[in-house]
Amino acid sequence: MAASDPRERFAHLETQAKDLEHAVTQLRQKGLDVSYQRVALRIIKDFVAYGLEDLSHGEAARAETIAEELSQIQADARSQIQAFLDGRSTPSPVPKFRTSKIAIRDGHFQGMRRWPDGRTEASPIIFTGHGHFDQVRRDLPKFDDYGVNVIQIEIGPTSTVVGPEATDTRRLEDLLGTFDRAAEHNVSICLLLSPHYFPEWAFKQYPHLSRCEGGFIKFCIDAPEARDVVARHIRLVISKVKEKIALHSICLTNEPIYRTCADDEYTKSLWAGHLNRKFKGDMEEAKEKLRTNGPSFEEFPIPDWRSIQATPLYYEWCVFNHQRFADWHRWMAGVVHEVA
């Protein structure tokens with residue numbers, strides 16, 4: 001029985017993990033696929049350390065939960081292994097993704113996978129994994145044990161576009177090293193371009209870029225100066241990663257929201273153009289349908305996003321703003337495709 005003191009329980013789990021690892025090694029030497037038991041072993045190894053870290057931070061309740069879960073995982077794995085050794089059951093072979101170029105076929109990802117007996121084949125692949133920061137980079141050697149085959153990491157314009165005419169590739173070179181390590185460990189990378197990391201120098205040089213706010217996106221996306229910064233970032237990054245075999249996909253933005261931009265001249269102009277097209281230049285129809293007044297489309301009000309209103313004007317603003325934001329993403333995708 002495990003000790004009641006949390007630290008003693010974790011020490012006991014570490015001892016059990018060594019026995020479990022020995023049994024897993026035995027089964028692998030017999031030619032049996034123990035992929036699921038390797039997951040259990042990896043979880044125990046990693047989460048004992050996390051549980052001890054919780055204890056050191058005063059998180060006793062969470063540490064106790066970890067100890068309980070790990071004890072159950074260990075018991076289940078040992079039971080499965082004993083059944084294999086006794087001949088009462090046989091593990092199912094698990095094919096695993098091996099580093100390869102990713103294609104899209106009939107609506108799914110396709111890549112190479114390897115069976116335990118050494119056979120390889122092109123096959124539909126389900127990608128599953130984690131994001132986004134330094135821990136996933138450090139954990140690349142572990143992910144095959146976990147059954148993880150994709151991670152998302154990011155690099156934004158603050159790391160690459162450091163001035164009106166200047167770029168910096170130091171963070172990018174480190175990123176390229178991560179791509180190489182990921183390929184070694186059969187992990188693909190979804191690369192997040194993170195335009196929300198917008199450089200401070202650009203706000204100082206072009207103050208009008210800060211008139212917009214939308215969650216992560218805190219700059220006016222339609223201003224040409226902002227688009228220049230984002231495009232320079234995309235072109236530089238994509239030019240370096242496009243041939244990396246570990247590249248799975250490009251993520252343009254993370255949790256994108258764009259809503260407060262009533263003081264942005266580009267927004268006002270686009271809003272007026274949208275209304276003009278919508279109502280074919282008929283101001284009277286626009287006033288009637290939207291239940292508002294304005295001497296011209298250029299002076300039609302932009303609703304305050306902080307107070308959701310069940311009005312035709314607010315609805316039309318949402319239609320316009322969603323389409324404009326989608327168009328910005330379409331523009332970024334176009335820049336990606338120009339390079340790759």
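The values are calculated or read from the model by the stated rules, or taken from the named source; none is laboratory data. Computed from a predicted structure; not experimentally measured. Please note: Cβ atoms are built from the backbone with ideal geometry, for glycine as well, and neighbour counts cover all protein chains shown. When the accessible area is computed, the model is the full protein with side chains, heavy atoms only, and any ligands, DNA or RNA have been set aside. Shrake-Rupley method; radii C 1.70, N 1.55, O 1.52, S 1.80 Å.
For this structure, a couple of remarks:
- Rounded percent of accessible protein surface that carbon and sulfur make up, segment 187-268, 1.4 Å probe: 52 percent
- Max mean-square fluctuation residue, GNM over the chain, Cα-Cα springs under 10 Å, options GLY87, GLY131, GLY147: GLY87
- Principal-axis analysis of the Cα atoms of the chain puts helix 170-184 at an angle of about 40° to the longest axis.
- A cut-off of 5 Å between modelled amide H atoms, ignoring neighbours fewer than 5 places along the same chain, links LEU247 with ILE189.
- Angle of helix 35-56 to the longest C-alpha principal axis of the chain, folded into 0 to 90 degrees and rounded to 10: 70°.
- Here segment 145-237 is treated as a Stokes sphere of Kirkwood radius computed over C-alpha pairs; at 25 °C and 0.890 mPa s its diffusion coefficient rounds to 170 µm²/s.
- In this simple spin-label model, placing a label point 7 Å from the Cα along the Cα-to-Cβ direction at both HIS329 and TRP201 gives a separation of 3.0 nm.
- Cα shape, segment 1-118, gyration tensor, a/c 1.5 rule: oblate
- The gain in end-to-end length when the LYS142 to SER92 segment is fully stretched comes to 15.9 nm, 0.36 nm per residue minus the alpha carbon separation.
- Fraction of alpha-carbon pairs over 18 Å apart in segment 156-310 - percent: 66 percent
- Magnitude of the charge dipole for segment 125-267, about its Cα centre and with charges confined to Cβ atoms of Lys, Arg (+1) and Asp, Glu (-1), is about 160 debye.
- Annotation: per residue accessible area for the chain equals 54 Å², rounded to a whole number [probe 1.4 Å, protein chains only].
- GLU184-LYS289 FRET efficiency (beta carbon distance; Förster radius 45 Å; 0.05 resolution): 0.15
- Stretched out straight at 0.36 nm per residue, the stretch from LYS280 to GLU69 would grow longer than its current Cα-Cα span by 69.5 nm.
- Entry note, the chain: the mean residue ellipticity at 222 nm calculated from DSSP H runs of n ≥ 4, each adding -39500 (n - 2.57), is -16500 deg cm²/dmol after division by the residues and rounding to the nearest 500.
- For segment 330-339, the Karplus equation 6.51 cos²θ - 1.76 cosθ + 1.60, evaluated at θ = phi - 60°, returns couplings of 4, 4, 4, 4, x, 5, 4, 5, 4, 8 Hz by residue, with Gly and Pro reported as x.
- Choice from SER269, SER56, SER249 with maximal GNM fluctuation in the chain (Cα, 10 Å cutoff): SER56
- Free-standing Cys residues across the chain, given no other cysteine C-beta under 4.7 angstrom: CYS190, CYS251, CYS318
- Cα-Cα separations in the chain greater than 39 Å, expressed as whole percent: 38 percent
- Axis of helix 265-278 versus longest Cα principal axis of the chain: the two differ by about 80°, to the nearest ten degrees.
- Near ILE153, the amide H atoms lying under 5 Å from its own belong to CYS190, LEU192; only residues 5 or more places off or on other chains count, and H is placed 1.01 Å from N.
- Taking all C-alpha pairs of segment 59-163, those more than 18 Å from each other amount to 70 percent.
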